[in-house]
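Q: Dumping the structure here so I can ask a few things about it.
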């Protein structure tokens with residue numbers, strides 16, 4: 001489905017060979033869970049998409065056009081199964097001037113997501129190479145923008161798989177936990193949920209944010225604070241939070257087992273309610 | 001032109017909406033100058049493409065198929081004008097299994113290239129965020145692979161433009177000159193050409209390498225050594241070396257002017273001969 005609401009067959013080519021999405025990863029995206037015929041937490045995703053686009057100096061898009069395209073795609077997908085909705089927005093063809101590329105795409109959930117939800121994930125921590133204070137003075141590094149340039153994220157996940165782990169936690173060069181390649185890190189201490197600060201150059205998590213907004217109602221506190229890998233291991237629970245897998249409990253870090261938290265079910269319920277109620 | 005030598009109209013869509021090139025920048029590429037009906041320095045580019053692909057764990061491609069596709073594309077382009085040839089190789093569609101995407105694409109040179117060749121470039125130095133010793137222990141960061149994830153490179157060039165400069169020199173977090181977002185840095189000291197070491201995580205330059213291989217014949221020495229921005233300013237000349245612009249002389253760094261080198265013409269001739277004779 002293109003942003004002008006033209007429905008396309010996913011098996012027909014859509015993009016030109018010189019689209020900057022493909023040639024340079026020069027664009028932004030969002031991934032959204034479709035459940036019971038709704039795109040969950042859509043407004044937060046549209047807001048972040050617009051923020052990412054601004055960081056890449058892409059022209060501002062009309063949010064209503066995205067909403068319309070999403071509504072049509074979701075209706076077409078139906079309400080009988082979950083789906084993964086992608087919003088993709090690139091600079092367009094190489095010499096296209098101001099003609100950007102924008103489309104939405106729905107696909108089935110893959111097996112990994114079901115596995116992460118039900119059994120949790122084992123993770124390894126990997127150096128991201130950046131210092132935690134880099135974001136403020138180096139806007140050209142696009143830290144905190146969700147760009148189409150995800151080759152490093154994918155390589156980190158493959159590296160983890162080769163080493164027997166399901167996922168990755170990136171750590172800054174000065175030793176702080178940053179984020180997963182496709183998730184936000186969230187830990188529990190007592191009844192306090194803690195996530196690394198956004199000014200460390202991590203992506204602002206849409207699902208984590210919805211959870212924080214509703215934490216109080218469920219009897220949890222929520223805060224942003226610097227975390228180390230040791231903090232993770234000493235926590236009363238740790239999760240990779242994301243739009244599609246929602247809360248994937250971390251069952252081990254660098255081979256060290258993390259026992260099932262007492263409040264695992266309460267946190268799972270909070271995450272679920274938060275994304276259902278977010279819009 | 002796809003790798004199975006099927007000729008396509010550039011104005012017809014080629015890629016699927018879920019190609020990993022577009023969704024994740026998950027692939028590799030090369031950019032090659034076409035001149036007088038030849039793809040210059042092709043073998044070096046094919047070698048680097050294969051190295052990049054290996055770093056991304058993409059299946060090995062048959063080099064002869066690339067050569068055949070390039071030959072057809074170049075023949076079609078003709079010998080009357082220069083062209084920019086792109087080799088693009090991605091992981092293929094999201095759930096495609098082992099079916100990768102591979103194609104070549106020829107376009108005209110843009111005005112920027114002609115300008116860089118004739119008048120040189122003004123540059124600013126920008127922090128890349130990585131330490132110079134990161135490459136050896138963090139293979140998941142894909143340092144030295146030419147991936148389709150170039151959003152940061154493009155953002156750095158836009159940042160430079162906003163600040164009145166034509167191009168960028170990336171500097172490591174420990175203060176060493178790395179590379180341009182689309183070029184290799186090369187300086188001249190006396191008659192010695194110097195480039196930063198590849199183990200600093202920079203892309204191995206195909207054009208710079210061809211120049212180094214032929215330096216001796218032209219009465220130059222060539223070596224790899226750590227460089228700082230001060231070394232650039234104190235040099236007897238500095239260039240951004242790349243496959244299409246070839247040698248773009250650096251005329252200022254961070255607003256500080258660099259006078260025209262005495263040996264500018266000799267270096268230009270060396271670069272030109274090197275890429276013409278490379279294969």
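Q: Among the candidates A:238, A:268, single out the residue that is assigned by TED's automatic domain parsing to the domain that holds residue A:186, touching a helix residue (DSSP H, G or I) at 6+ places or on another chain (Cβ under 6 Å) and under 27 Å from residue A:109 (Cβ atoms).
A: Within the list A:238, A:268, the selection yields A:238.
Q: When both residues are 6+ apart or on different chains and their Cβ atoms are under 8 Å apart, which pairs have a first residue that lies in the stretch B:258-279 and is free of Cβ contacts under 8 Å to residues at least 40 places away in the same chain, and a second that is assigned to a helix (DSSP H, G or I)?
A: Hits for this filter: B:258/B:232; B:258/B:233.
Q: Of these, B:19, B:9, which one is closer than 21 Å to residue B:100 by Cα and touching a residue at least 60 places away in the same chain (Cβ under 8 Å)?
A: Going through B:19, B:9 in turn, just one is closer than 21 Å to residue B:100 by Cα and touching a residue at least 60 places away in the same chain (Cβ under 8 Å): B:19.
Q: Limited to the stretch B:80-133, what total is found for residues that are closer than 25 Å to residue B:231 by Cα and surrounded by fewer than 21 Cβ atoms within 10 Å (Cβ to Cβ)?
A: Residues in the stretch B:80-133 being closer than 25 Å to residue B:231 by Cα and surrounded by fewer than 21 Cβ atoms within 10 Å (Cβ to Cβ): 9 in total.
Q: Evaluate the following for residue B:84: is it touching a residue at least 12 places away in the same chain (Cβ under 8 Å), in contact with a strand residue (DSSP E or B) (Cβ under 6 Å, 6 or more places away or on another chain) and outside any strand (DSSP E or B)?
A: no
Q: Of all the residues that make up the stretch B:140-174, how many are without any contact (Cβ under 8 Å) to a residue 40 or more places away in the chain, more than 7 Å from every other protein chain (Cβ to nearest Cβ) and either in contact with a helix residue (DSSP H, G or I) (Cβ under 8 Å, 6 or more places away or on another chain) or part of a helix (DSSP H, G or I) (or both)?
A: 5
Q: Looking at the stretch A:46-75, which of its residues are in a helix (DSSP H, G or I) and under 20 Å from residue A:201 (Cβ atoms)?
A: Selection gives A:47, A:48, A:49, A:50, A:51, A:52, A:53, A:54, A:55.
A quick yes/no check of all residues on (1) outside the structural domain of residue A:131 (by TED's automatic domain parsing); (2) surrounded by fewer than 20 Cβ atoms within 10 Å (Cβ to Cβ); (3) closer than 25 Å to residue B:129 by Cβ:
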position: A:168; (1), (2), (3): no, no, yes
position: A:175; (1), (2), (3): no, yes, yes
position: A:202; (1), (2), (3): no, no, yes
position: A:243; (1), (2), (3): no, no, no
position: A:247; (1), (2), (3): no, no, no
position: A:251; (1), (2), (3): no, yes, no
position: A:256; (1), (2), (3): no, yes, no
position: A:272; (1), (2), (3): no, yes, no
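Q: Whether any residue in the stretch B:88-105 is in contact (Cβ under 8 Å) with a residue 40 or more places away in the chain, in contact with a helix residue (DSSP H, G or I) (Cβ under 9 Å, 6 or more places away or on another chain) and over 17 Å from residue B:3 (Cβ atoms) is what I want to check.
A: Checking the stretch B:88-105: at least one residue is in contact (Cβ under 8 Å) with a residue 40 or more places away in the chain, in contact with a helix residue (DSSP H, G or I) (Cβ under 9 Å, 6 or more places away or on another chain) and over 17 Å from residue B:3 (Cβ atoms).
Listed here are the residues, each with its yes/no results for (1) within 13 Å of another protein chain (Cβ to nearest Cβ); (2) in contact with a strand residue (DSSP E or B) (Cβ under 8 Å, 6 or more places away or on another chain); (3) closer than 30 Å to residue B:10 by Cα.
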{"position": "A:46", "(1), (2), (3)": "no, yes, no"}
{"position": "A:51", "(1), (2), (3)": "no, no, no"}
{"position": "A:60", "(1), (2), (3)": "no, no, yes"}
{"position": "A:66", "(1), (2), (3)": "no, yes, yes"}
{"position": "A:89", "(1), (2), (3)": "yes, yes, yes"}
{"position": "A:98", "(1), (2), (3)": "no, no, yes"}
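Q: To continue, here is another question. Counting only residues that are assigned to a loop (DSSP other than H, G, I, E, B) and more than 7 Å from chain B (Cβ to nearest Cβ), which one in the stretch A:125-139 is nearest to residue A:250 (Cα to Cα)?
A: A:128
Q: From the residues in the stretch A:1-43 that are assigned to a strand (DSSP E or B) and within 8 Å of another protein chain (Cβ to nearest Cβ), which one is surrounded by the most Cβ atoms within 10 Å (Cβ to Cβ)?
A: A:27
The values are calculated or read from the model by the stated rules, or taken from the named source; none is laboratory data. Bear in mind the structure is a predicted one, so any value in this text is a computation, not a measurement. Quick reminder, even Gly has a Cβ in these numbers, built from the backbone with ideal geometry, and neighbours come from all protein chains shown.
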